[in-house]
Each structure stands twice: as structure tokens, then as C-alpha cells.
Amino acid sequence: MIVLPLFALYNIKCLFSIFIKKFCGTHEPTRCLELSELGRKILNNEELTLSYLGKCVQDSYNPTTNKGGYVNFGTAVSTLCDDIMLARLNAPGTFEFEAKDLHHSTMWGTSECREAIANLLTRLLSPDRPLHADNVIVVNGGSAAMEVLACNLFDPGDVLITPSPCYTRIFRNFNDRFQIQVVDLFLREKSSKYGETATFELTAALLEDGIRDHIARGKNVKGFMLVNPNNPLGDVYSPELVVELLFVCNKYDIHFICNEVYAMSIYEPGFEFQSVINMKPLPNPNKTHIIWSVSKNINLPGMRLGAIITWNEEFIQAAKNGCIYSSVSTVAQKIITKVLNDPGWIEEKFLPTHQQRLREAALKTRAVLSSLGIYVRPAHAGFFLWADLRPHMKEISIAGEIALFEEFLNHKVYIIPGSVVHCVEPGWFRIVFSLQSDILDEGMKRIAAVLKGLSTPKKLHN
Ligand SMILES: Cc1ncc(COP(=O)(O)O)c(C=O)c1O
């Protein structure tokens with residue numbers, strides 16, 4: 001069962017290292033003697049998503065100033081609410097320097113910022129189990145949160161399991177500097193027969209099998225990370241499933257890390273989401289941790305501010321002792337504090353607008369893709385859709401997927417192929433839709449042009 005996916009991933013790695021060399025350019029592996037072993041590993045491990053984020057930022061499509069630039073359907077950010085966010089941040093009284101902003105503060109987060117996060121999460125996600133500021137550690141983003149968890153909970157070689165397709169940075173964030181072995185728990189289409197709905201279903205039994213399998217192979221399974229709502233699938237996992245997963249982790253005495261960076265980006269009305277912060281009783285509160293960030297939840301990735309929520313006192317103390325490496329600028333904390341402490345704006349204006357605009361953009365993108373004969377899996381949250389492009393591939397393989405990816409790049413459209421996010425079923429792509437409508441329209445035109453240039457699509461879904 002496990003051999004095939006591992007082999008598939010090995011192929012993905014090889015193909016993508018060739019691909020990255022071709023498109024992103026890379027450094028000569030042997031000519032970097034000045035670097036440490038770890039430095040060399042990181043140097044030679046260039047990543048497609050970060051490379052293309054850089055390329056797209058430098059040469060991004062603009063309808064008036066850069067018509068030939070990239071349309072970035074690859075990076076999961078939302079610019080849909082930039083107008084209201086800018087108006088709020090530039091409003092008089094949002095920020096003014098005081099002497100204390102010029103100097104050191106508590107580096108695990110100012111008490112004001114931790115309190116503002118605790119209060120916001122209590123109001124929005126955890127009314128039954130109010131969150132205290134002492135259980136919040138502020139760090140510079142969700143990515144840094146993963147590193148702080150990696151550093152303080154895991155030893156080199158320990159295993160962290162995460163469902164795939166996944167947010168691939170989890171692998172780098174845990175492995176680059178702390179050498180934790182992140183392994184996929186592969187989710188599959190329910191049936192590989194064409195015409196059936198794809199499910200990519202996660203179950204507690206699948207997790208338990210995965211844990212057992214790695215233990216049987218002599219691994220020290222130390223943790224499980226669930227991304228809920230899911231990136232790249234856009235699924236919101238039911239509270240019942242999350243409880244079952246918590247119990248499986250408790251049974252094997254492993255850490256349960258719930259990444260809730262999309263918790264406030266659920267755009268289907270009436271969809272039930274229950275944060276782990278609000279669950280009680282937790283089977284193992286000492287081994288339950290939540291990641292939160294302003295990057296997706298309030299569309300401020302440039303602020304580099306995230307948080308770890310945990311009830312583990314020892315972990316909190318260890319994180320505080322090491323927090324100088326992940327501390328956030330007092331300026332960013334002060335601005336975020338002001339915004340989060342404004343329920344009249346955040347709850348009544350920002351979040352409803354954010355969710356409504358996400359919904360509209362998702363519906364529009366789905367409709368255009370469907371008109372192009374592309375099956376798009378149902379989704380309820382996040383900034384992306386999970387689309388099946390197999391009907392447009394010359395061959396249904398990783399090579400076929402990369403060929404189509406390259407075709408899109410030739411038309412200056414960047415879309416993440418499923419193999420980059422560790423999908424074992426070739427042909428799926430993640431398409432980010434949370435873009436201003438003129439950019440979205442241009443990108444859709446380019447996708448249509450690429451697909452029209454290919455041979456007639458095959459019909460796979462009803
Ligand atoms: C699931 C998930 N976690 C973390 C991050 C990164 O968050 P941050 O920008 O706060 O480091 C992302 C960004 O795409 C993400 O999708």
C-alpha cells in the first residue's frame with residue numbers, strides 16, 4: 001500500500017528538481033563549500049512555490065502597466081478586501097508611535113496583542129471555552145509557529161504525519177532546520193474510475209493505519225497535523241471527525257496540531273466549523289496545539305504575525321525561552337491589536353465582506369472552469385479550488401501534469417500542479433481564485449487559450 005505512493009513521490013521529487021533547474025535556475029550543488037552542511041541542504045533544496053512567488057511578485061500582470069506579466073493562481077493569498085483593509089489601516093488613530101514601540105517588549109507577544117487574539121478567538125471560535133492570553137504565543141507567522149512546535153516537541157528523525165494533498169511547506173518547516181521527518185497520509189479519490197465524484201476522504205481509520213504502519217517500521221511517530229479548513233482541498237472537517245482524530249492521537253500518545261489558518265475564510269453560509277480551541281473535554285490537552293495566523297484569516301500576510309494556542313505549560317515556557325528567534329515587530333503587533341479589538345469592524349464589516357467576496361469569486365471561477373469542461377471538486381473554504389485537468393492532459397502521469405503546467409507557464413499563468421502538493425493522483429491542480437476580478441478574468445482567458453490549443457478534451461466526470 002505504502003510502496004507505490006513512496007515511489008510516486010520519489011518520481012515527483014526527481015521530476016521537480018529537473019523542472020526547478022530548468023525554470024527557476026539553481027545553484028551548483030558542489031560549489032558552495034563556504035556553507036554548512038545544513039546551509040548546503042537548504043541551498044540545494046529550492047522550492048517551486050517560493051520561486052514562483054518571487055517571479056510573480058517581480059513580474060505580475062497589471063492591466064495597465066504590465067499586460068504581459070504573470071497571473072498568479074498559485075500563491076494562496078486574498079487581495080479581495082484590500083480596499084476595506086487599507087481604509088481601516090489608514091484611518092486616523094489606528095497607529096501612532098509611542099516610546100515603548102521603539103524598544104523591546106515581551107518577545108512571545110505583547111500582553112495587548114495576546115489578549116486581542118485570545119478575545120477575538122473566544123468571540124469567533126470558542127465561546128464555550130474562553131481562551132486566555134497566557135495560552136497564546138505570538139510568532140512571526142503560521143510558518144514560524146510550525147518551527148517553534150518542531151523545535152520544542154520533536155527530536156530529529158521523529159515523524160509527523162499529515163494528510164496529502166497538503167500544504168507542502170509543512171514538510172520544509174519541520175524538516176529544514178529541525179530534521180523532523182514529515183510523512184504523507186495519502187488521501188485518494190474514492191474510485192479511480194472516471195465519472196465518479198472525487199472525495200479525497202480523510203478518516204480516523206486511515207490515520208490509525210498510517211500511525212501503525214510507521215510504528216511497525218520502527219519510526220517514532222510524534223505528531224499529526226490537520227489543516228482544517230484544508231489547503232488545497234477547501235474541505236471543512238466535521239467536528240465529529242476532528243474528535244475521532246483527536247482520540248486516535250491520544251490512543252498513540254502523539255501530539256495533535258490543528259492548523260486553523262483558514263478558520264475565518266469559510267465562505268459557504270451555514271457551514272459548521274468547530275475550532276479545536278472550543279472542544280471540550282479534549283482527550284489530551286497537553287498534546288493539543290492550534291496554529292492561527294493573520295495571513296489568511298484577515299488577509300495580512302505581509303504583517304508576519306501568527307500564534308500558537310496551547311495548554312501545555314512546559315511547551316509555553318520553552319517557547320518563551322526561545323522566542324527571540326520568532327518575535328514580531330512591536331509595530332505590527334500594535335496595528336493588529338487595534339484592528340482585532342474593533343469588533344464593530346472585524347465582525348460586522350471585514351469578515352462578512354471577506355467571506356462574501358470569496359464566495360462570489362469561487363462561484364465565478366467554478367462557473368468559468370465548468371464552461372471549459374473542467375471538473376471542480378466541491379469546496380467550502382479557503383482561497384482555492386481543486387480542479388481535475390486530466391481531460392486536457394496528453395498522458396495521465398506526473399510527466400503529463402508537468403507538461404500542462406509548463407504550457408500554462410508559457411502563457412504566463414502560474415497554477416500549482418497536484419504533484420507539488422503531494423497528490424498521488426496525477427492531473428489535479430490547485431487554482432487560487434481570491435484575486436481582483438480583472439486579474440481573475442485575464443487568467444481565465446489565458447487558461448481557456450491554453451486548453452483550446454490542446455487536443456479535444458476527454459470526458460471523465462458526469
Ligand atoms: C495551511 C497553511 N499554514 C500556514 C501557512 C503560512 O502562513 P504564514 O503566512 O502565516 O506563515 C499557509 C500559507 O499558505 C497555509 O496554507
Taking the alpha-carbon centre of each part, the distance from region 32-82 to region 118-191 in Å is 23 Å
For Thr94, the net charge from surrounding residues (Cβ-Cβ under 15 Å; K, R +1; D, E -1) works out to -1
Of all DSSP beta bridges having both residues in the chain, the percent classed as antiparallel (nearest 5) is 50 percent
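At a threshold of 8 angstrom on Cα-Cα distance, excluding pairs fewer than six apart, so keeping six or more, what relative contact order does the chain reach in percent? Intermediate results must be reported in sequence, preceding the final value.
Details: 785 pairs, mean separation 98.9, N = 462.
Computed over the chain, the figure is 21 percent.
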If you take the square roots of the eigenvalues of the alpha-carbon gyration tensor of region 349-439 and sort them as a ≥ b ≥ c, do you get rounded (a/c under 1.5), prolate (a/b over b/c) or oblate? prolate
The summed charge of the Trp311 Cβ neighbourhood (under 13 Å; Lys/Arg +1, Asp/Glu -1) stands at 0
Using modelled backbone amide H atoms (1.01 Å from N, in-plane), which distant-in-sequence or interchain residues come within less than 5 Å of Ala307's amide H? Val139, Trp292, Ser293
Once you treat every alpha carbon in region 96-343 as an equal point and sum by Debye, what is log10 I(q)/I(0) at q = 0.11, 0.16 Å⁻¹? -0.57, -1.19
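Rounded, prolate or oblate, given the Cα gyration tensor of the chain, with a/c below 1.5 counting as rounded?
Because its axes are fairly even, with a/c under 1.5, the chain counts as rounded.
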Using a ≥ b ≥ c from the Cα gyration tensor of region 276-337 (square roots of the eigenvalues), is it rounded, prolate or oblate, where a/c under 1.5 gives rounded and otherwise the larger of a/b and b/c decides, a/b for prolate? oblate
Check Leu131: other-chain or 5+ apart residues with amide H under 5 Å from its amide H, H built from backbone geometry? Thr122
Under the Karplus relation with 6.51, -1.76 and 1.60 and θ = phi - 60°, whole-Hz ³J(HN,Hα) for region 213-224, x at Gly and Pro, equal 4, 6, 5, 4, 8, x, 8, 8, 6, 10, x, 9
Taking the inverse of the average 1/r across all pairs of different Cα atoms in region 320-386, what Kirkwood radius in Å do you get? 15.2 Å
For the chain, with only Lys/Arg (+1) and Asp/Glu (-1) charged at the beta-carbon, what is the dipole magnitude about the Cα centre, in debye rounded to 20? 1020 debye
With x for Gly and Pro, the residue-by-residue ³J(HN,Hα) of region 395-410, computed from phi through the Karplus equation 6.51 cos²θ - 1.76 cosθ + 1.60 at θ = phi - 60° and given in whole Hz, is 9, 8, 7, 5, 4, x, 5, 5, 4, 5, 4, 5, 4, 4, 4, 4
Please report the antiparallel percentage of the DSSP beta bridges confined to region 228-375, to the nearest 5. 55 percent
Selection from Phe73, Ile402, Trp386, by position along the positive dipole direction of the chain (Cβ): Ile402
With the cut-off at 30 Å, tell me which of the pairs Lys296/Lys364; Lys251/Lys334; Lys190/Lys445 have Cα atoms farther apart than that. Lys251/Lys334; Lys190/Lys445
Quick one: what are the phi-derived ³J(HN,Hα) couplings along region 137-146, Karplus 6.51/-1.76/1.60 with θ = phi - 60°, whole Hz, x for glycine and proline? 10, 8, 9, 7, x, x, 5, 5, 4, 5
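Any read-out appearing in this document is the output of simple, stated calculations on the displayed coordinates, not a laboratory observation. If you're wondering where the values come from, they're calculated on a predicted model, not measured in any experiment. So basically every Cβ, Gly included, is an ideal-geometry build from the backbone, and we count neighbours across all protein chains shown.
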